[in-house]
Amino acid sequence: MPCLRSILFCLLALCTVETLAAEGRATAPLKVTSPNRQIVFLLFEGQAAKGTAASTELRYAVEFHGKQMIAESKMGLEVVGQPALGPGMRNMGAETGSTDQTYTIPVGKTSSVRDHYNSLHASYEDEQGRRLTIEVKVFDDGAAFRYVVPDQPALKQVKIGHEDTEFTYSKDATTYPLILDGYQSSWEDEYQERLVGGLHHDWLIGLPLLAEEPGLGWVAVTEANIDNYPGMYLRKGKGRFDVKADLSPRVDKPGVVVDATTPFASPWRVLMIGDEPGRLIESNIVLNLNPPSKIADESWIKAGKSAWDWWSGQAAPSVSFKTGMNTATMKHYIDFASASRFPYMLIDAGWAVAPTRNGPEDYEALADITKVVPEVDMPELLRYAKEKNVKLWLWSHWTSVEKYIDQAFPQFEKWGIAGVKIDFMNRDDQWMVDFYHRVVENAAAHHLMIDFHGAYKPDGLRRTFPNLITREGVMGKEYLKWSARTGPVHNTTLPFTRMLAGPMDYTPGAFGNSNRENFVGRDVMPMGLGTRAHELALYVVLESPFMMVSDYPEHYQGQKAFDFIKQVPATWDEVRVIGGRPMKNITLARRSGSDWYVGSITNWDERTVKVPLDFLGAGKYVAEIYADAADAAQEATHSTFVKQNVDKTTVLDVHMVSGGGNAIWIHPATH
């Protein structure tokens, strides 16, 4: 039942709308305020741009701490063959509400999630009788809105050519854009630092887009609940400080981005807002904007670390047999997973039968994933893995999944496969978004977890189908096999940018650590950029419930630092960002039960940060600290290990060398 304050809020809003309509003052805004009163979303009918037929157009603005963060920005949908939905529309009434609930998720950065917001449903109509609803939700950590086109006689089948949504910053904000080379992309590139006024009009910018507005705070634009709709990008708008939406076009229908039957809704256009960038990392707003879980029994959805044969080049220098995609090599990696108490082993490309092996484009896309190559004895691997208490994941090209899903997924379930890593979609048009939904729903019916690679950014679908436990959509460690692109600067940027949208399969675990001077990209036994302690800290700083341990088994033998990787969880109860800035450094703490893990990483600048442990509970704790050795800037594999008694009053001085890091396991002294 809504509280009395919410009921009074609703009545006041309704009276306000009716009074404005009676007085002909349709431009006065409707307001929705966050529960803590610090964020205000304003929705109104503003003056249309010169040269347009309509006199008014839908606009919005957002205030934070009483100051305008997003200035007046245009809204609307461009309908193919008809006038746009938005210009010339008048408000026909509004309803407000408030929700405060808590739900649990099986894997993620917090085990329980509070969903607390105030809302607005505003109905609009134009002279042709066409109707459009704007839905708004305002949380303590951001605001979101979406377009809803209701079922109506004037609109049945709707084709959308463009979306007129704009995001206008109040000042020349510093942004961190991901510049993509087109709509068909793997979302794998470095992030840049640019003033919004310096963005080029021809740049296609992926989401989330983080921005700092000096004196105001931090805001990130992203989207949530993409369903029967394409993904959104941004381009520089016509104004000095604005960016505008650009939707991924349908491959099969030129000039159309959405082809839908009413009623339908756009994804939520999300503004994550905070005083510091770390507050955005802590936010669950993207999850909250998705429907509840459709999986009744989630007990089979388990987070965990995984051995992996691909990144190392299937290296196994201690064995006498020829390594490769064969039974013996896969058993070697299963043995490693079992000895390390990892629940999973991921078998990558090459296990399924294909008509040709002339290269990845041919072999991977044509593989029949219901059949196994002769070199791999799948029944034996399944038996062996079960004996070792390890479950297998299988890699597949998306085209193979699309072709064989009805046969393969039931077969995988019979085999006892834990999940499927699906790769190379490289699109987020309306059809491909539907493919994602079909896959996770079908996989859930067969108790299969999913890891999407070659993927677009997360949108919170994992709340509705929590078997979607992670995805790529990021330039990850694989790039170190042929380049130096994924080093400490990239690592310190990702938590504030890509990770805002959700988990990312970045595949850490490199133990061939190197500084810039000695680094060499290579396909077999690749190196890692940054220190050993930096690499350990990635298991805390980065979020992925399916976390790779990417190097070859022998590289971890006899290494004290490997104890941290074996210990650190892959799913969490709580997250706290202690400090940091994109491209510079971050210190982040995560809780699992009564234990805390703290990860700190820096870019190529040597750095000392203070880490107050005031998040600890009462009592005494022991901190097991893996730090950069004094010579780690020259010998990146060198690290130190110490134990220290701590409590909630302790403030640690964490020193990191160039490209360095620090990883800490804190547990009760009686542990």
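The values are calculated or read from the model by the stated rules, or taken from the named source; none is laboratory data. Being a predicted model, the structure only gives us computed values, none of them experimental. Note that we place each Cβ from the backbone using ideal geometry, even for glycine, and neighbour counts take in every protein chain shown.
Which helices (runs of 4 or more DSSP H) does the stretch 395-471 wholly contain that include 3 or more residues that are surrounded by fewer than 23 Cβ atoms within 10 Å (Cβ to Cβ)?
In the stretch 395-471, 398-415, 430-445 are the helices (runs of 4 or more DSSP H) which contain 3 or more residues that are surrounded by fewer than 23 Cβ atoms within 10 Å (Cβ to Cβ).
Does the stretch 107-148 hold any residues that are over 25 Å from L287 (Cβ atoms) and of a type outside the set (F, W, Y), and which are they?
S123, E125, D126, E127, Q128, G129, R130, R131, L132
Please pick out the residue among K566, K560, K584 that is touching a helix residue (DSSP H, G or I) at 6+ places or on another chain (Cβ under 8 Å), surrounded by fewer than 20 Cβ atoms within 10 Å (Cβ to Cβ) and in contact (Cβ under 8 Å) with a residue 40 or more places away in the chain.
K584
For A510, state whether it is aliphatic (A, V, I, L, M), over 30 Å from W218 (Cβ atoms) and assigned to a helix (DSSP H, G or I).
In short, no.
Tally the residues that are assigned to a strand (DSSP E or B), buried (at least 18 other Cβ atoms within 10 Å of the Cβ) and among the polar types (S, T, N, Q), restricting the search to the stretch 593-608.
Final tally of qualifying residues: 2.
How do the pairs read when you match residues in the stretch 283-298 that are surrounded by 15 or more Cβ atoms within 10 Å (Cβ to Cβ) with residues anywhere that are of a type in the set (S, T, Y), using Cβ under 7 Å and keeping only pairs 6 or more apart or on different chains?
N284/T110; V286/T222; N290/T464; S293/T464
Just one of (1) outside any helix (DSSP H, G or I); (2) crowded, with 19+ Cβ neighbours inside 10 Å; (3) touching a Ser or Thr at 6+ places or on another chain (Cβ under 7 Å) trips up A533, so point out which.
Answer for A533: the failing condition is (1).
Would you check which residues across the stretch 411-438 are of a type in the set (K, R) and under 21 Å from I301 (Cα atoms) and list them?
K414, K421, R438, listed by residue number.
Applying the selection to the stretch 92-112, what residues are under 13 Å from S123 (Cα atoms) and in contact with a Phe, Trp or Tyr (Cβ under 6 Å, 6 or more places away or on another chain)?
Listed by number, the list holds a single entry, T96.
Please verify whether the stretch 249-262 includes one or more residues that are under 23 Å from M75 (Cβ atoms), in a loop (DSSP other than H, G, I, E, B), within 15 Å of the chain's Cα centre (by Cα) and in the same structural domain as K74 (by TED's automatic domain parsing).
The answer is no, given that none of the residues of the stretch 249-262 is under 23 Å from M75 (Cβ atoms), in a loop (DSSP other than H, G, I, E, B), within 15 Å of the chain's Cα centre (by Cα) and in the same structural domain as K74 (by TED's automatic domain parsing).
Kindly evaluate V520 against the criterion of being without any contact (Cβ under 8 Å) to a residue 12 or more places away in the chain and touching a strand residue (DSSP E or B) at 6+ places or on another chain (Cβ under 9 Å).
So V520 fits the description; yes.
Identify all residues within the stretch 612-642 that are surrounded by 20 or more Cβ atoms within 10 Å (Cβ to Cβ), aromatic (F, W, Y) and under 21 Å from G580 (Cα atoms); write none if there are none.
If the condition is that a residue be surrounded by 20 or more Cβ atoms within 10 Å (Cβ to Cβ), aromatic (F, W, Y) and under 21 Å from G580 (Cα atoms), then Y626 is the only one that fits.
Mind listing just one residue for me: the one in the stretch 240-254 that is of a type outside the set (D, E, K, R) and touching a strand residue (DSSP E or B) at 6+ places or on another chain (Cβ under 6 Å) and, of those, surrounded by the most Cβ atoms within 10 Å (Cβ to Cβ)?
The selected residue is V243.
Looking at E78, is it modelled with pLDDT under 95, more than 27 Å from L210 (Cβ to Cβ) and acidic (D, E)?
no
So I295 passes all but one of these: (1) farther than 26 Å from L210 by Cβ; (2) in contact with a strand residue (DSSP E or B) (Cβ under 9 Å, 6 or more places away or on another chain); (3) outside any strand (DSSP E or B). Which condition number does it fail?
Unmet for I295, out of (1) farther than 26 Å from L210 by Cβ; (2) in contact with a strand residue (DSSP E or B) (Cβ under 9 Å, 6 or more places away or on another chain); (3) outside any strand (DSSP E or B): (2).
Restricting to the stretch 481-518, count the residues that are crowded, with 19+ Cβ neighbours inside 10 Å and farther than 27 Å from L289 by Cβ.
Total satisfying the criteria: 16.
Considering the stretch 151-161 alone, what residues qualify as being surrounded by fewer than 18 Cβ atoms within 10 Å (Cβ to Cβ), of a type outside the set (G, A, S) and assigned to a strand (DSSP E or B)?
Q152, Q157, K159
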